[in-house]
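First up is the structure itself, then whatever we jot down about it.
Every read-out reported here was derived from the displayed coordinates using simple, explicitly stated rules and does not represent laboratory data. Please read these numbers as outputs of a predicted model, since none were measured by experiment. Heads up, the Cβs are rebuilt from the backbone with ideal geometry, glycines too, and the neighbour counts pull from every protein chain shown.
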């Protein structure tokens, strides 16, 4: 358990996909206008991420190197289609809001990077653990950004009024506002990494 949390901490700060490596920003910004949309997108990307790690780690030795990228894209696109069908069937209301953006997951850098850098080079156990940790950290980021954008932009959380409507900052709901909030979170993570590095060097 201690090892799991140390790996999670590493993924959350030193190897944070959207805040440090700047991958997966497109679906993050598109789906983070409301907290519920962020939660649905987090679930969709996490499921695609983890299952793609499982499938690719199992078949990695059967895929010729010269077609591996195409094969990964086919696997990921298939899993995205399954996720889209599940959301349409069980969350029709949210599918109306996110349906057009779900296919973007197939080209999301975070999923493809995980497939090519981890799942294609490791067994199923390592791939699933690493994929799960990446999914958790991505979910934390998108949920945090969604929470802040909905609260600051609409003054609500899960449609419950928290701030009077006249005090809402509509800029937070725009693409630029999302980037500003994301940049602020990236700055916080960078500062934490800097402090950790200084402490390590001091020891």
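One chain, two ends: residue 200 and residue 169. Fully extended at 0.36 nm per residue, the span grows by 7.1 nm beyond their Cα-Cα distance. Estimated from the Cβ-Cβ distance and a Förster radius of 30 angstrom, the FRET efficiency linking residue 59 and residue 101 is about 0.60. Ordered by the number of other Cβ atoms lying within 10 Å of each residue's own Cβ, fewest first, 88, 149, 60 fall into the sequence 88, 60, 149. FRET efficiency for residue 6 and residue 43, Cβ-Cβ distance as r, R0 = 25 Å, nearest 0.05? Once the sixth-power term is evaluated, E becomes 0.45. Distance between the C-alpha centers of segment 35-76 and segment 90-128? Whole Å please. Comparing the Cα centres of segment 35-76 and segment 90-128, I get a distance of 5 Å.
Using only Cα coordinates, the Kirkwood hydrodynamic radius of segment 47-203 works out to 18.2 Å. Residues 21, 169 in ascending order of nearby Cβ atoms (within 10 Å, fewest first): 21, 169. In this structure, residue 78 and residue 21 have a Cβ-Cβ separation that, at R0 = 22 Å, corresponds to a calculated FRET efficiency of about 0.30. Highest mean packing first, where packing is the average number of other Cβ atoms within 10 Å per residue, the peptides 72-80, 5-13, 26-34 line up as 26-34, 72-80, 5-13.
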